[in-house]
Each structure stands twice: as C-alpha cells, then as structure tokens.
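See below for the structure under consideration.
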Amino acid sequence: MTTLIASTVKIDAPAIGRRSLLRDIGIVMTRELKPVLRDPFSLLFGMIQPLFFLALFGPLLAGSMGGSLGGGVWQWFVPSILVMTTLFGTSTTGANLLFEFQTGAHERMLVTPLSRSSLLIGRALKEMVPLFGQAVIVIAVMIPFGLELHVDGVLVGLALLAVFGIGLGAFSYALAIAVRKQDWMFWMVQQTFLFPLMILSGMLLPLETGPGWMQVASKFNPLSYLVDAERTLFAGDVWSSAVLWGWLAALVTAALGLTVGIRTMLRSAD
Amino acid sequence: MISTRELTKDFVVSRTETVHAVRGISLDVEPGELVAVLGPNGAGKTTTLRMLTTLIAPTSGTAKVAGYDVTTHSSQVRRRIGYVGQGNGAGHSQRVGDELLGQGVIYGLDRRSAKRRTEELLESLELKDLAQRKVSDLSGGQRRRLDVAMGLVHAPGLLFLDEPSTGLDPQNRANLWDHILRMREQYSMTIVLTTHYLDEADSMAERVVVVDHGEVIADDTADALKRKLAGDRLHLTVGPSNQSRVRELAAQLPGAGEIQVDGDQVLVRVADGPAALPILIGAAQQNGVPVATAQVHRPTLDDVFLNLTGRSLREADSNGKAAA
Ligand SMILES: Nc1ncnc2c1ncn2[C@@H]1O[C@H](COP(=O)(O)OP(=O)(O)OP(=O)(O)O)[C@@H](O)[C@H]1O
Ligand SMILES: [Mg+2]
C-alpha cells in the first residue's frame, strides 16, 4: 500500500472562474490530436483506400485516357486523390465519437464544464491536421512520378480541403450522435452517401462522357465543385472562377456541418 | 449540497413500454456528508446520478445541486461537481497520463497544478508505471482506478461516484478508499456514491440510502438501519434434549425477540448481541445445560434489504417495467 501523503496544495474551485469558448475548443482539439501525434502512423489508416486508387486506378486511367486529360494524368488525378482522402478520413471520424459514447468517455466530457458546442467544434477542427498530413504524403509520393508542383495553388488547395473537411467531419459526428443507439446504422449511412458522392463528383472518371442525368446530379454535389477547384489549383491557376465555386461549396458545407453538428451535440446526453 | 423533491424519470422504450426508472425521490444531502446509495441492479441508482449531474433531464420533480437547479442552471452545476460514471471515462485511444492531465486542464487548473495533481494521483493509485500506456491496453481494474483518478483530479466540492470500486481487487479497493477518504478530509468534499458492496457501504458511509424500484425505501446510518430493522442474532448449539430449556432462558434476555429452534441450534434475536451472549451462556450453565458453540451474528445490510423487501440483495433485480 502506498505511503504517499497527498500534498496540501489548495485548489480553490478553479472551474468556477471565467471560461471561454476558444479555450474549450482548444482543449477538445488538443485532446483529439494527442493520439494522432503520439502515433503518427495512424494517419496512414485513412489513406489505405485512396493509396490503392492512386496505385492501381491511376495507371489504368493513364492508359485509357491519358491523352484526353491534358496536362498529364497525375495533374488530373492527384487532386482527386486528395479530395478522396479527405472524404474517407473525415466521413468516418464519427466512429471515434460513437466509440466514446459506448465506453463512457463522452459522458464524462458532458459532465465537465466544457461547453457542449466546443465538444463538436474542437473535434471538427482537429480534422484539419490528419488531412494536411495525408495530403503532404500523397503529394510527396507523386512528385517523382511527374506531378508538377505549383506551390501557391497547392497551399490554397490544402486550405480549401481543410475547410471542407471540417464541414464533413462535423456531419460525420452529427451522424454518430444521431445513430448512437443503433450504432450499425453509422456505417450503413456513411457508405450510402460516400460512393454516390464520390462517383458523381467526377473524381475518378470525367463525367463529360457520362449520361446527362449524371451531369445534372453532379451539379448538386458540393464535391464536384471541390474537385474542379482542386484541379484548377493544382494546375497553378489560383484566380479562376472554378476556385471561387470551390470555396463556396466548402464554406457552405462547413457552415451547415457545424450548425447541424452543434445542434445534435447539444442533445447528445441521454 | 443536494436537495431533490419528487424526482422522477421515465424512459419511453417503445410505444407500448415505459420504464419508470426513478419514482419520486426526495433526498437532502448536507455539505460534508458521505452518502452511499445501495440497491439491486436496475433500482435506478445510475439514473438518479445522471439526473443530478445534468446528463439527463428529470421527467418531473426538481433537483438542486451545489446551489443550482439541474435543469435551468446545468452549466453552473457542472462547474461545481465531479462525476465518475459507471462506464470508463478515459478515451481508449488516449494515454493514461494525457487523459488525467487533460481532465485537470478541462476543470481550469493551471498546467503546473494539473501536472502536480496528476503525478500525485498516478502515484497513490498505483498507476505510475502505466502513465505512458494506452487506455485500451489497461486491465479492467486499472482502467477503473484511472476513472476515479480523473474524478478526483480537480478535488471537486461535490463528487458523484457510480460504483467506483467495481472490478478492483481487495488491496486496490482498500487503497482507493484510503485515498478518497483522505482527499475528502483534505478538501472537505461531499460524496455520493453507489455500490453493491454491502461491506463498503457499511464501513465507508455515514449514511446509507437504500433504493429499490426507483424509490428510497430506507435512509439512515448503517448501524441504525441494522439495529432498527434486523437486530443481532445469537446462535447457540446445545445438547439435543435441552432446546426447550434454553428457549425459556433466552426469552428472559433483555430485548429478546423472535426465537427459533433448528435441530440442536437455538437462534435468538436480541437488540445487543455481544452483551446478551454471556448472559445467556451463564444462565444455561447455571441450569446445567452445556453450550457447545456460541456465536453472535451481526446483521448485514443484506439482512436489512431482505427485511425491507422480502428479497435478498444478491438475488434481487428490480426492473421498473410497467405498461404505458
Ligand atoms: N437510457 C435508458 N433507456 C431506457 N431504459 C433505461 C435507460 N437507462 C436506464 N433504463 C432503465 O431504468 C432502470 C434503472 O436503471 P439504472 O441504470 O438507473 O439502474 P442501476 O440502479 O444503476 O442498476 P445497476 O446496479 O445495474 O447499475 C432499469 O430498468 C433500466 O433498464
Ligand atoms: Mg448503475
């Protein structure tokens, strides 16, 4: 049995002092980032599928339509892979929260003085970090294969992805909260949205050659604008209208995601 | 510190089924008290704690905790309490030390005090060697100790513990209690805990609240409960032809209650067992009755529960089910 005597340092109900939303968000975000920083290899987890697409689908794409894409297949396909990484990484992130519902960790957080909205915002903002890490890996891997690097375009492109990722992450958390009592629903809903969103964005194959209804559907898919914007940016064109549309899509996604996410988080207790 | 009036919680499970988990609990807890809430599975202990800690809204009734109403001023309540839930509070992908430190920071400790308290708790709850481990790699009991450590890190004025010692081995249980009681002393904490361990409620808490089917069925000190409801029992083994003689003698004991004869055993209920036993043995010997064995059986809270409900606590499993 221990012989240590607890110190006599007096703590005067520190939680009763002033609290700020920013500090709360910072705390939640730091907590969420700890496992990523402690174990950077976990970044690769969300990248397995995109890397397969890059390695196996890319060469096929080059063979079948290399000529018609203009500017080389990687300039066209690497932005797709970055959007795909964002999509896979952030749309699955709600599963972590779902797990914390089951273990009791989320319940513990709900009883702390942290504001409920910070529990959502902090988590959503954290999505930026793995997403940056993953993007840097993809870009670094593809430069030797002939990806042309336009630094300004890439930086704006990453910022755009980050904003979009925050929104999608927030949606994923909202989904997790909504289905917390039937957790199998999470993966069903996530997969149901994932593939149509992906294919109807022109991410894998250009939609110009597809049927008319697909082209119409793609106009309602925010991901289409994001993919277009990323391709334009990776071509080095920062001031094109496609980029503006991309920002609009990303900002609307982020605003909607955070709104829906915060609203569900406020009702996440029972 | 806590004051509830007619607190109830119904869970609507399906269109045809409503669970009345808590049915009108009125409870007052004064600053500095240590109250154990005892009851079988499904009695409504966790549900009550979840209402008091602002996690779920009461269906009806009111509760004031640390001076604030749990429904209208929930964030004020949350700043003034600590809570260790029935589940695991630490995130499974996190490191032990990170979670503990983070919990201190969440409650507004500056980094230095948070670090210091983390070190102390790791040390005294024997988690020090595990500080760098991932929570998912801990054993159940180690995880439970971490949960309690997280509840203690900011030394809250009012602490709720939902089955804090479940899954701990005897040594760690004793150690945990040592630590909780020491912190309670030092920071004048008020503690409300739930437990199934009768001996724990018995030895730790000054006050035991017995809950069954969502209602408080007894509320007193452990000793008073046992005295009032069960009393001590004397077990005497005497020769086969002497029971009736002993029975007569036992009936003359001060405070003698029900007397049973079972084979060559005589069982007598008395108010004060240790005082009555020598008297009875002496009387038997004076009457030429040899006493082979003699025991005082002091009542346990299990006896109390049996007495209150007609069921043993170990076997009881209340479910508050009722048609809507
Ligand atoms: N979220 C919920 N939805 C529906 N029913 C619930 C919910 N939570 C608890 N119940 C029901 O309410 C009743 C009381 O449950 P509670 O968890 O408060 O019991 P307890 O006294 O803590 O039991 P234990 O000793 O097993 O922890 C039980 O019948 C339980 O099935
Ligand atoms: Mg319980």
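The values are calculated or read from the model by the stated rules, or taken from the named source; none is laboratory data. Being a predicted model, the structure only gives us computed values, none of them experimental. Cβ sites come from the backbone with ideal geometry, for glycine too, and all protein chains shown count toward neighbours.
Return a yes/no flag: does the stretch A:112-124 have any residue that is in a loop (DSSP other than H, G, I, E, B) and of a type in the set (V, I, T).
Within the stretch A:112-124, one or more residues are in a loop (DSSP other than H, G, I, E, B) and of a type in the set (V, I, T).
Assuming B:T48 fulfils every condition listed in (1) within 15 Å of ligand 1 (Cβ to nearest atom); (2) in a strand (DSSP E or B) apart from one, which condition is it?
Going through (1) within 15 Å of ligand 1 (Cβ to nearest atom); (2) in a strand (DSSP E or B) one by one, B:T48 breaks only (2).
Determine, yes or no, whether A:G202 is modelled with pLDDT under 90, in contact with a helix residue (DSSP H, G or I) (Cβ under 8 Å, 6 or more places away or on another chain) and closer than 24 Å to A:L256 by Cβ.
Answer is yes for this residue.
So how many residues does the stretch A:123-155 have that are under 13 Å from the mean Cα position of the chain (by Cα) and small (G, A, S)?
Number satisfying all stated conditions: 3.
Residue-wise test of (1) farther than 24 Å from B:G108 by Cα; (2) at pLDDT below 90; (3) in a helix (DSSP H, G or I); (4) within 22 Å of the chain's Cα centre (by Cα).
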site	(1), (2), (3), (4)
A:I11	no, yes, no, no
A:G26	no, no, yes, yes
A:F41	yes, yes, yes, yes
A:L51	yes, yes, yes, yes
A:F99	yes, no, yes, yes
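Can you tell me which residues in the stretch B:18-45 are within 13 Å of ligand 2 (Cβ to nearest atom) and in a loop (DSSP other than H, G, I, E, B)?
Once the filter is applied, which keeps residues that are within 13 Å of ligand 2 (Cβ to nearest atom) and in a loop (DSSP other than H, G, I, E, B), the stretch B:18-45 yields B:G39, B:P40, B:G42, B:A43, B:G44.
Just checking, how many residues over the stretch B:129-146 are at the interface with chain A (Cβ under 10 Å from one of its Cβ atoms) and among the charged types (D, E, K, R)?
Number of matching residues: 2.
From the list B:E119, B:E123, B:E185, exactly one residue is within 8 Å of another protein chain (Cβ to nearest Cβ), of a type in the set (D, E), out of contact with any helix residue (DSSP H, G or I) (no Cβ under 6 Å at 6 or more places or on another chain) and assigned to a helix (DSSP H, G or I). Which is it?
From the options B:E119, B:E123, B:E185, the qualifying one is B:E123.
When you scan the stretch B:85-105, do you find a residue that is in a strand (DSSP E or B) and within 11 Å of chain A (Cβ to nearest Cβ), even just one?
There is at least one residue in the stretch B:85-105 that is in a strand (DSSP E or B) and within 11 Å of chain A (Cβ to nearest Cβ).
Run down B:V37, B:V65, B:V22, B:V70 and say which single residue is within 14 Å of ligand 1 (Cβ to nearest atom), farther than 20 Å from B:A201 by Cα, surrounded by 18 or more Cβ atoms within 10 Å (Cβ to Cβ) and more than 11 Å from every other protein chain (Cβ to nearest Cβ).
Selected residue: B:V22, the only one of B:V37, B:V65, B:V22, B:V70 that is within 14 Å of ligand 1 (Cβ to nearest atom), farther than 20 Å from B:A201 by Cα, surrounded by 18 or more Cβ atoms within 10 Å (Cβ to Cβ) and more than 11 Å from every other protein chain (Cβ to nearest Cβ).
Could you pull out the residue among B:G85, B:G102 that is surrounded by 20 or more Cβ atoms within 10 Å (Cβ to Cβ) and either in contact (Cβ under 8 Å) with a residue 12 or more places away in the chain or not assigned by TED's automatic domain parsing to the domain that holds B:P31 (or both)?
Just one listed residue meets the conditions, B:G85.
Restricting attention to helices (runs of 4 or more DSSP H) lying wholly within the stretch A:167-270, give those where 2 or more residues are within 14 Å of another protein chain (Cβ to nearest Cβ).
A:241-266
For the stretch B:153-171, which residues satisfy the criterion of being of a type in the set (A, V, I, L, M), within 12 Å of chain A (Cβ to nearest Cβ) and in contact with a Phe, Trp or Tyr (Cβ under 9 Å, 6 or more places away or on another chain)?
Residues satisfying the conditions are B:V153, B:A155, B:L159.
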